Protein chains: 2
Amino acid sequence: MGLLNFAFDVKASDLLGRVGSLTVGRKQVETPCLFPVIHPVRQDISPGELKRMGFSGLMTNSLILYARRRDEAVRKGIHGLLDFEGVFMTDSGGYQVLEYGDVDVGYGEIARFQSEIGSELAVTLDRPTGFSTSRAYARETMRYSLKNALATIDEYGTSETVWLGPIQGGLFPDLLQGSAKGLLGAGFRFLALGSPTQVMENYRFADLVRMILASRRVVPYPVPLHLFGAGHPLTMAFSVALGCDTFDSASYVLFARSGRYMTERGIQRLDQMSYLPCSCPSCNSTGLRELREMESAERTRLLSLHNLYQLKTEVANCKQAIVEGRLWDLVEERAASHPRVMDAFRVMAENAELLEDGTPALKDRGLLLRGDLDELRPELRTSRARLYAAARRGKRKSLVLLGDEPLTLTYSGQKRPSAKFGGHDLYRVHPCLGAYPAELDFVYPFTQTITVSTTSAVSETRKNARKALKRLGYRSVSFSAAALHQPSEERRRGHRPPRRVMAYSATTPATRPPRSRPRQKVRGPSPPSSSARSR
Amino acid sequence: MGLLNFAFDVKASDLLGRVGSLTVGRKQVETPCLFPVIHPVRQDISPGELKRMGFSGLMTNSLILYARRRDEAVRKGIHGLLDFEGVFMTDSGGYQVLEYGDVDVGYGEIARFQSEIGSELAVTLDRPTGFSTSRAYARETMRYSLKNALATIDEYGTSETVWLGPIQGGLFPDLLQGSAKGLLGAGFRFLALGSPTQVMENYRFADLVRMILASRRVVPYPVPLHLFGAGHPLTMAFSVALGCDTFDSASYVLFARSGRYMTERGIQRLDQMSYLPCSCPSCNSTGLRELREMESAERTRLLSLHNLYQLKTEVANCKQAIVEGRLWDLVEERAASHPRVMDAFRVMAENAELLEDGTPALKDRGLLLRGDLDELRPELRTSRARLYAAARRGKRKSLVLLGDEPLTLTYSGQKRPSAKFGGHDLYRVHPCLGAYPAELDFVYPFTQTITVSTTSAVSETRKNARKALKRLGYRSVSFSAAALHQPSEERRRGHRPPRRVMAYSATTPATRPPRSRPRQKVRGPSPPSSSARSR
């Protein structure tokens, strides 16, 4: 288990994504972190080059090493053998067992070997469920993997190695969750979600989201989660947003071998490209024609390097987005690149309640709202929930103000308008945020939010606002078109009494607001009858 | 005019964007092309460096040169003076006149000077309208600019220089169009749309789209269009899509001076960044902290270089997108990065009829549909129009098939299903493409299109399909849930008779299809009464 060796500290967080520090013994890697997979015997890109590019951890396969260079590996240690001083993660070889049939190795043998060669992070011997399999098979692989994991931690839990517990179960949420719970119960503090590769190869990104969500629902927030074999440039952002902290992938070289070129917008086939939209050292060193015509090994090398730079950039994009609180935005931008990624984003958005935990209640920067799914953002959910929880349950009638420019609405003459005005409580209606007390005008995120100009949802929002306010106990709700609204230029000139006053529905009786002369037409529907229920 | 010197050949086209070749004398530049602006006296990045980075044209200000290095410039020529053998575009200095007050120079003086120094592409002396000005002022600037342009071409039209005619008029479409028409009438064959800089600085991208659209409506397709001062990374894709071919901008260095870092997702402030998500030579040569702490001139230099690499990459993205027919997709991806760009995309989509001219009727690659605005794509408009124009006006009842997986629907047993089946014409309903005769299953874009899984629009589409089919003369339309649908695995095994047959509405009488046993529930609405009109 090596628990003394191991720590995971979250430094910044957004959605379920986090910038963290993974400490393994005296080494650290910053997460989210991609561990490029290298072949233990021959590499297209050397470990030294990967180090110089800024990769602080590598993934390699202990089974191949065990089969081919066992003694040498034990003698030199994996760091000496492969000449890399960073963190090594080693896979148990379960994938190879799956692919090449049973290899004559037991969980204990391969676990001891991983410890002996000094691997910092090691996966217990598992059997990947893969994709599109029967439930019975999925259950069998899950049980086999779990049994090995428990036995391994029992026998080798005290070694220096930190063991990753492999979550298997394929597309079956209950199996994934049973797997994760079993591993957590046995003391694993770093889990790894298995078998997404085929799911990703089939562009079933929405299924991948469901798999990660199912796992994250039972894996506590402080426990880091590894995602096996996830090196597709379009999946990085949403995987990070759903709480995957580390990744390994050989995609950079596998794609390179088949002439595939990664961009932040997807995978391109080199033979369908006319331009290289990249300025990485690899792309700067060559032209497209040159690249196509060069000898295959050299092309694979240059494409591998390009793909690695691309993945590295995407990891940096994710980190930057987390730090500035714009990870949702990054995911949404990637979603625009392919309908299947949009599907994945939709599944994520529909489960956004799970993302609230990691999302700061206050952010430095405003929200950018450009699509329907943005209304499901955790910041908005949280704000609305806080708002209604804290709202006074008024006895007064409320007057809801709907300005023509809801974002620049201010009550001139007073910095924070009183919520009571002529016997009414004042609310504003934001096209996305819904109704909020006017005195929150300067509170995040009510004025810091930028939305698209076409707020086709306004009438819907108005209906919802009415409903929500009814629930707060207001008996009557009226709407005003542009009340108390002063253009910002005028506001800057100093305190002046409001020139425009709100209009109010004819059915709102008594207590006229001071200085009132209805100048604006009442645009909203007339207040509903008193039969409206209050909760 | 230098018309003998000048040609513009379109090599590939998508939307109104084109990859073209601009020939000026013996020099060529490939468009879309960005001309970085350099100061004629002192440069942060030297012309030689810009050449090595791959920029084939530069923009500089002839008025400053005229004021400060007149004799030297005439003696050495601009290429000798600035040591750059590519194409020079020179601005007349109108912007400076605006900014620093009237400079004592007439249209003729500055035109002659531009010719004398050997500028290949030169702008006639204009007065930029700018932003947020009165109509009267906009009209005045437009008229002044047009008058100078006509006088210049009259006197200097036979010089070696190719004259760009500046379109002014700000946000007023009729003024822009009057301006463009006047220039075209006078013989200008390269126009330049003025004053977007302030519009862009205020993130009023939708207004920029309206300005370009207004211009493109009167500027014929073969005439290239320059967009002044447009170096914002978020505006490049839609500007290209709307038919802007060349750009000039000093944004790379202006942003750099204020510590701003371009990404394909927008502008970042360096002091708000924690990571550098880029692998360009500039970013590879330094770390973020180092960059922040270095001396200001050196930081400006490195940031300028980074910004230039970023812009160059975006130009390559545009070109690649045009060649592969995915320019719409690129614009949509950029739209996801900011609500104001989404606004711009919406205005573009709502005017998509203008984009049909440049969009190929057949594309190599399928359409990716991920958002509501995608339904306005010119490819879909064109397909629908062709379809309904060519459709037989049947006397039969039609049977519309709505499969659960509309994209993989095939009629097994026959490669191309007959459109007649049991006396009905068969149609499929695609969630975005609408109703189409089933025999078009293998015709672009009906099966090559990938949509998001959540086709919330299906019921709407069904309603529209019914309406469209009525218009074709069908008296009755029925719907089937998954008729004639065979999973693709089964299909591959060979010719077998369809196992599932369509269901049809109870109100559809007579001519039962062969082998029919209604197994699927009829999901659609019952056919409307015979009162439905046909056109």
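The values are calculated or read from the model by the stated rules, or taken from the named source; none is laboratory data. Bear in mind the structure is a predicted one, so any value in this text is a computation, not a measurement. Glycine gets a Cβ as well: all are built from the backbone with ideal geometry, and neighbour counts include every protein chain shown. Heads up: the accessible areas ignore ligands, DNA and RNA and are worked out on the full protein's heavy atoms, side chains in. Shrake-Rupley method; radii C 1.70, N 1.55, O 1.52, S 1.80 Å.
Annotations
- The numbered conditions (1) in a helix (DSSP H, G or I); (2) open to solvent by 20 Å² or more (accessible area, probe 1.4 Å); (3) within 14 Å of another protein chain (Cβ to nearest Cβ) are all true for B:Thr382 except (3).
- Cβ-Cβ under 6 Å pairs, at least 6 apart or on other chains, the stretch B:263-285 side free of Cβ contacts under 8 Å to residues at least 24 places away in the same chain, far side in a loop (DSSP other than H, G, I, E, B) and open to solvent by 20 Å² or more (accessible area, probe 1.4 Å): B:Cys283/B:Leu276
- Test: residue in the stretch B:121-135 that is buried (at least 19 other Cβ atoms within 10 Å of the Cβ) and over 28 Å from B:Leu184 (Cβ atoms): no
- Entirely in the stretch B:9-111, the helices (runs of 4 or more DSSP H) that have 3 or more residues that are open to solvent by 10 Å² or more (accessible area, probe 1.4 Å) and modelled with pLDDT under 95: B:62-68, B:94-100
- Filtered by the rule that a residue be more than 7 Å from chain A (Cβ to nearest Cβ) and either buried (at least 21 other Cβ atoms within 10 Å of the Cβ) or in a helix (DSSP H, G or I) (or both), the stretch B:265-282 gives B:Leu270, B:Asp271, B:Ser282.
- Residues (assigned to a helix (DSSP H, G or I), modelled with pLDDT of 95 or more and of a type outside the set (Gly, Ala, Ser)) located in the stretch B:179-204: B:Lys181, B:Leu183, B:Leu184
- Restricted to helices (runs of 4 or more DSSP H) entirely inside the stretch A:290-353, those with at least 1 residues that are within 11 Å of chain B (Cβ to nearest Cβ), closer than 21 Å to A:Leu276 by Cα and open to solvent by 30 Å² or more (accessible area, probe 1.4 Å) are A:296-323.
- Checked against (1) farther than 27 Å from B:Met342 by Cβ; (2) open to solvent by 10 Å² or more (accessible area, probe 1.4 Å), B:Ala206 meets all criteria but (1).
- Hey, B:Gly229 modelled with pLDDT under 95 and part of a loop (DSSP other than H, G, I, E, B) or not: yes
- Residue within the stretch B:306-327 that is hydrophobic (A, V, I, L, M, F, W, C), touching a Pro at 6+ places or on another chain (Cβ under 7 Å), within 19 Å of B:Pro378 (Cα to Cα) and at pLDDT 95 or above present: yes
- On inspection, B:Ala361 fails the criterion of being assigned to a helix (DSSP H, G or I), over 23 Å from B:Val199 (Cα atoms) and at pLDDT below 95.
- Of the residues making up the stretch B:255-262, at least one is in a helix (DSSP H, G or I), over 28 Å from B:Ala352 (Cα atoms), modelled with pLDDT of 95 or more and of a type in the set (Phe, Trp, Tyr).
- Looking only at the stretch B:354-376, and only at residues there that are facing chain A (nearest Cβ under 10 Å) and more than 19 Å from A:Leu369 (Cβ to Cβ), the one that is nearest to the chain's Cα centre (by Cα): B:Asp374
- Failed criterion for A:Gly130 (all others in (1) touching a residue at least 40 places away in the same chain (Cβ under 8 Å); (2) at negative phi hold): (2)
- Taking the stretch A:217-244 as the range and being over 22 Å from A:Leu254 (Cα atoms) and in contact with a strand residue (DSSP E or B) (Cβ under 7 Å, 6 or more places away or on another chain) as the test, the residues that pass are A:Val219, A:Pro222, A:Val223, A:Pro224, A:Leu225, A:Val240, A:Ala241, A:Gly243, A:Cys244.
- Answer residue from the stretch A:146-186, given it is farther than 21 Å from A:Glu120 by Cβ and in contact with a Lys or Arg (Cβ under 8 Å, 6 or more places away or on another chain) and is surrounded by the most Cβ atoms within 10 Å (Cβ to Cβ) among those: A:Gln168
- If the condition is being modelled with pLDDT of 60 or more and within 14 Å of another protein chain (Cβ to nearest Cβ), then the stretch A:446-463 contributes A:Gln448, A:Thr449, A:Ile450, A:Thr451, A:Val452, A:Ser453, A:Thr454.
- Test: residue in the stretch B:232-252 that is over 21 Å from the mean Cα position of the chain (by Cα) and not in a loop (DSSP other than H, G, I, E, B): yes
- Selection over the stretch A:237-251 of residues that are among the aromatic types (Phe, Trp, Tyr) and either open to solvent by 10 Å² or more (accessible area, probe 1.4 Å) or away from every other protein chain (no Cβ under 14 Å) (or both) gives a count of 1.
- Sub-8 Å Cβ pairs linking a first residue in the stretch B:191-211 that is more than 11 Å from B:Pro128 (Cβ to Cβ) to a second residue that is hydroxyl-bearing (Ser, Thr, Tyr) and crowded, with 22+ Cβ neighbours inside 10 Å, at least 6 apart or interchain, are B:Leu191/B:Ser215; B:Met200/B:Thr235; B:Phe205/B:Thr235; B:Leu208/B:Thr235; B:Leu208/B:Ser239, ordered by first then second residue.
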